[in-house]
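The values are calculated or read from the model by the stated rules, or taken from the named source; none is laboratory data. For clarity, every value in this text was computed on a predicted model and none was experimentally measured. With ideal geometry, Cβ positions are generated from the backbone for all residues, glycine too; neighbour counts draw on all protein chains shown. Note: accessible area is taken over every heavy atom of the protein model, side chains too, but ligands, DNA and RNA are not part of it. Shrake-Rupley method; radii C 1.70, N 1.55, O 1.52, S 1.80 Å.
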Amino acid sequence: MNIEILGKSFPMSMGMDAIKEITDALGCSLEQIGDTISAAAMEDKFVMYARMAEAMMKSARRKKKLECKMFGEECPDEIIPSAEEILSCYFLPENEKLISAVLETMKESQEGTVEIKESEGKNGESHASK
């Protein structure tokens, strides 16, 4: 999932590093994030979502830098906006964009995909049939 800030799109990822940063910032466990946000005052919710977005953007950036390093590719440096900077870019009527980008990223992280490659040789023959 990407988030748009001042017309620029930033990838977000809910890696384990983002989870740790988010739970530390919110002072709760992963299982408690929803309750923690629900119990907060409206203005505090915006701060929480901005912190989550920052952590997710930093996670995606770290992953991209590692991929570049592993494959010997050039990886241009990119500025990641801080939570405070994110908050300055969204007005009250636009807060849904911030919240939905964070929630969609969380949802995507829970939908794992598994790539299955067919092995060469006999397929579909079990040992029981012999």
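Restricting attention to region 74-95, the residues being surrounded by 11 or more Cβ atoms within 10 Å (Cβ to Cβ) and part of a helix (DSSP H, G or I) number 8. Among residues of region 62-78 that are within 20 Å of ALA18 (Cβ to Cβ), those with a Cβ under 6 angstrom from a residue that is open to solvent by 70 Å² or more (accessible area, probe 1.4 Å), sequence gap 6+ or separate chain, pair up as CYS75/LYS65.
For (1) surrounded by fewer than 10 Cβ atoms within 10 Å (Cβ to Cβ); (2) acidic (Asp, Glu); (3) modelled with pLDDT under 90, each residue gets a yes or a no:
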residue: ALA41; (1), (2), (3): yes, no, no
residue: GLY72; (1), (2), (3): yes, no, no
residue: THR105; (1), (2), (3): no, no, no
residue: THR113; (1), (2), (3): yes, no, yes
residue: LYS117; (1), (2), (3): yes, no, yes
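Among helices (runs of 4 or more DSSP H) entirely within region 1-70, having at least 2 residues that are closer than 19 Å to GLU111 by Cα and in contact with a Gly (Cβ under 8 Å, 6 or more places away or on another chain) singles out 42-70. Considering (1) within 14 Å of the chain's Cα centre (by Cα); (2) more than 16 Å from SER13 (Cβ to Cβ); (3) among the β-branched types (Val, Ile, Thr), the lone condition that ILE80 does not fulfil carries the number (2). Could we say that ILE99 is outside any loop (DSSP other than H, G, I, E, B) and surrounded by 14 or more Cβ atoms within 10 Å (Cβ to Cβ) here? So ILE99 passes the test.
For ALA55, the conditions (1) crowded, with 18+ Cβ neighbours inside 10 Å; (2) touching a residue at least 60 places away in the same chain (Cβ under 8 Å) are fulfilled apart from (2).
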